[in-house]
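For reference, the structure discussed in these notes is given below.
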């Protein structure tokens with residue numbers, strides 16, 4: 001792992017010396033035998049992991065919000081701080097998922113552009129048709145993957161808005177009545193989180209299928 005990190009750092013430094021553009025970055029990786037296809041698979045795996053982390057974080061936040069049902073007194077400032085921490089952690093997890101998906105789109109675009117251009121280099125019409133068919137199949141699987149990932153990504157926003165609203169309300173009304181109002185919102189939040197987890201599961205399964213297909 002340390003060696004891999006060192007190589008990655010060296011690649012990044014080299015790419016920056018070439019202007020920092022994506023094409024230089026990919027070219028630098030290719031110099032050490034790592035193709036865009038490999039980078040795409042790695043980034044899908046990383047995005048899947050970030051989605052799994054987000055699932056855990058949103059479930060943890062829901063558990064913290066659910067604890068308000070059993071609130072029987074205590075320092076409300078402490079309750080607010082716990083909920084706010086959970087909201088901030090959830091927002092960071094969501095941002096990480098979005099960043100990872102953006103990176104997938106970046107390398108996929110470069111891969112498909114290169115693949116399409118290289119089709120013109122074939123002398124064999126039969127091999128060209130076979131490669132073009134493989135390209136269409138891969139693009140089709142990729143389109144399904146990215147749509148599922150974006151759908152899961154978008155399902156995080158209603159939950160984050162609800163978390164934020166409740167945290168702000170508690171911040172502005174640090175009293176027992178505020179706790180009562182938040183308890184009334186819990187059912188809606190639970191439904192949104194369950195929907196989010198379901199969408200994430202679909203995206204994770206789609207990621208696994210895509211990775212397996214690319215590796216085969």
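Here's the yes/no breakdown for (1) more than 25 Å from residue 29 (Cβ to Cβ); (2) at pLDDT below 95; (3) in contact with a helix residue (DSSP H, G or I) (Cβ under 6 Å, 6 or more places away or on another chain):
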residue: 99; (1), (2), (3): no, no, no
residue: 102; (1), (2), (3): no, no, no
residue: 108; (1), (2), (3): no, no, yes
residue: 115; (1), (2), (3): no, no, yes
residue: 121; (1), (2), (3): no, no, no
residue: 129; (1), (2), (3): yes, no, no
residue: 135; (1), (2), (3): no, no, yes
residue: 149; (1), (2), (3): no, no, yes
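Quick one: count up the residues across the stretch 74-91 that are at negative phi and free of Cβ contacts under 8 Å to residues at least 12 places away in the same chain. Number satisfying all stated conditions: 5. Just so you know, in the stretch 106-118 the residues that are surrounded by 16 or more Cβ atoms within 10 Å (Cβ to Cβ) and in contact (Cβ under 8 Å) with a residue 24 or more places away in the chain include one that is nearest to residue 133 (Cα to Cα), and it is 112.
Residues that are in contact (Cβ under 8 Å) with a residue 60 or more places away in the chain and in contact with a helix residue (DSSP H, G or I) (Cβ under 6 Å, 6 or more places away or on another chain) were ranked within the stretch 46-64; the one that is surrounded by the fewest Cβ atoms within 10 Å (Cβ to Cβ) is 55.
The values are calculated or read from the model by the stated rules, or taken from the named source; none is laboratory data. Predicted, not measured: the structure shown is a model, and the values here were computed from it. In this analysis, Cβ positions are derived from the backbone assuming ideal geometry, glycine residues included, and neighbour counts consider all displayed protein chains.
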